[in-house]
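The values are calculated or read from the model by the stated rules, or taken from the named source; none is laboratory data. Being a predicted model, the structure only gives us computed values, none of them experimental. Glycine also receives a Cβ, built like all others from the backbone with ideal geometry; neighbour counts cover every protein chain displayed. What goes into the accessible areas is simple: the full protein's heavy atoms, side chains included, and nothing from ligands, DNA or RNA. Shrake-Rupley method; radii C 1.70, N 1.55, O 1.52, S 1.80 Å.
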Amino acid sequence: MQTDGLTVGVDLGGTKIAAGVVDPKGEIISRVRVPTPQDPSLVACAIASAVEQVRQGWDGVQAVGVGAAGYVDRQRSTVRFAPNLGWQDEPLREIVEHATKLPVVVENDANAAAWGEFVHGAGADYEDMVMVTVGTGLGGGIITGGQLFRGRFGMGGEIGHYRAVPDGIPCGCGQHGCMEQYASGAAHIRRAREAATADPDRAAALITLGGGSPDGIQGRHVTEAAMAGDPLALDLFEETGRWVGQALADLASILDPAVFVIGGGLSETGELIARPAGTSYRKALGGGDHRVYADVVTATVGQDVGLIGAADLARHR
């Protein structure tokens, strides 16, 4: 196993495929971005094509890492289920290896992002880390003893899909009450729209920013209003932050990490989300002052963290 050469990282999304040649320092030295085909049967070939494009002119590329949203098997080979891509038991590694003649590692995209942050970002000084990405959904990954925790069947670390509220809000995974339905960007927007519908007068600022309709309110509008001091928007951040802090406390009770790294779009709102999340985390964690609290920090690698993490996983395959 070589760990000092170039690898290709691929970040597979529902609308785009981003591929980049990455060096051992985590620097992307060449990149391409192509649309994700709407036909699920064409996606794997599109990934292989993107890999071939990005590696042109770069000798010595050793392997490929692909981060895909979905359940990946223990062998890091097959995507068992990826509803956003229309995949069931997709032999992704086999297809891409055959097309590129390179070794391929397939990993859940949130795990790849967590690994990228652990190796090159805010988790680099720790051995035990949990990354929580508060974006449209709630995702993340677990590092323990310097290793990515994947579980017995390769499907561990689904942070957003433990049931926080029995028989709660329906979730896209098929369950009800998953934490993702309460501590995520989508939940944040849903609460804003519900509040605006229930009390338009109190939500006047948000409705104006949303183009005159509660349905037009987006996450950026809640942030803009909160930064201007709007009471409803600030209350919405308090509520979402409370749920994020509850998620951290639940995870700390089970995993006891040294650090939580908070990523995703909502993390970019800074103290608006970090302050209520931190307060809630400490209140919700059993043991009170007798506990040692994990550090809570913000992710630092940026939007390419999944691509970079996938490339590094391929390097250390």
Report summary line: Over the Cα atoms of region 37-84 the radius of gyration and the largest Cα-Cα distance (Dmax), both in Å, equal 12.7, 36
Query raised in the report: Which of the DSSP-defined H helices in the chain satisfy a minimum axial length of 30 Å, computed from C-alpha atoms, and a minimum mean Kyte-Doolittle hydropathy of -0.5?
Result: 231-255
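Between R282 and A198, what FRET efficiency comes out of the Förster formula 1/(1 + (r/R0)^6) with R0 = 30 Å and r the beta carbon distance, rounded to 0.05? Please list the in-between numbers first.
Values: r = 31 Å, r/R0 = 1.02.
Step by step, r from the Cβ atoms, then E = 0.45.
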Query - Cα coordinate range in region 189-291, projected on the principal axes (Å, largest first) - result: 48, 23, 20
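In Å², what does the accessible area per residue of region 46-142 work out to with a 1.4 Å probe?
Values: 3830 Å² over 97 residues.
With the other protein chains kept in place, region 46-142 gives 39 Å² per residue.
Ignoring ligands, DNA and RNA, what percent of the 1.4 Å accessible area of region 161-317 is carbon and sulfur? Could you put the intermediate results ahead of the total?
Working: 3820 of 7380 Å².
Carbon and sulfur atoms account for 52 percent of the accessible area of region 161-317.
Give the percent of DSSP beta bridges with both residues in the chain that are antiparallel, rounded to the nearest 5.
Values: 28 of 48 bridges.
For the chain, the DSSP antiparallel bridge percentage is about 60.
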Requested in this report: Could you give the C-alpha radius of gyration of region 104-144 expressed as a fraction of 2.2 N^0.38 Å, taking N as the number of residues it contains?
Outcome: 1.13
Requested in this report: Net charge near G116: determine it from the other residues with C-beta under 9 Å of the C-beta of G116, scoring Lys and Arg +1 and Asp and Glu -1.
Outcome: -3
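Summing Lys, Arg as +1 and Asp, Glu as -1, what charge do residues with Cβ under 15 Å from the Cβ of A204 carry, A204 excluded? Spell out each step's value before the answer.
Numbers: positive: R193, R202; negative: D199, D201, E224, D230, D235.
Taking every Cβ under 15 Å from that of A204, the sum is -3.
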Report summary line: Per GNM of the chain with C-alpha springs under 10 angstrom, the most fluctuating residue out of M179, M129, M155 is M155
Report task. Mind running the shape call on region 56-137? Use the C-alpha gyration tensor, a ≥ b ≥ c as the square roots of the eigenvalues: rounded below 1.5 for a/c, prolate if a/b tops b/c, oblate otherwise. Result -> oblate
Query raised in the report: Tell me, what is the per residue accessible area of region 174-302 in Å², probe radius 1.4 Å?
Result: 47
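Based on the alpha carbons, how large is the Rg to Rh ratio for region 175-238 when Rh follows Kirkwood?
Numbers: Rg = 11.3 Å, Rh = 11.6 Å.
Rg divided by Rh gives 0.98.
At a 1.4 Å probe, what is the % contribution of carbon and sulfur to the accessible area of region 6-90? Can you show the working numbers first?
Numbers: 1820 of 3960 Å².
Carbon and sulfur together cover 46 percent of it.
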Report task. Go through (i) 35, 23, 18; (ii) 42, 25, 15; (iii) 38, 36, 22 and flag the label whose value is the computed semi-axes √(5λ) of the Cα gyration tensor in Å for this structure. Result -> (i)
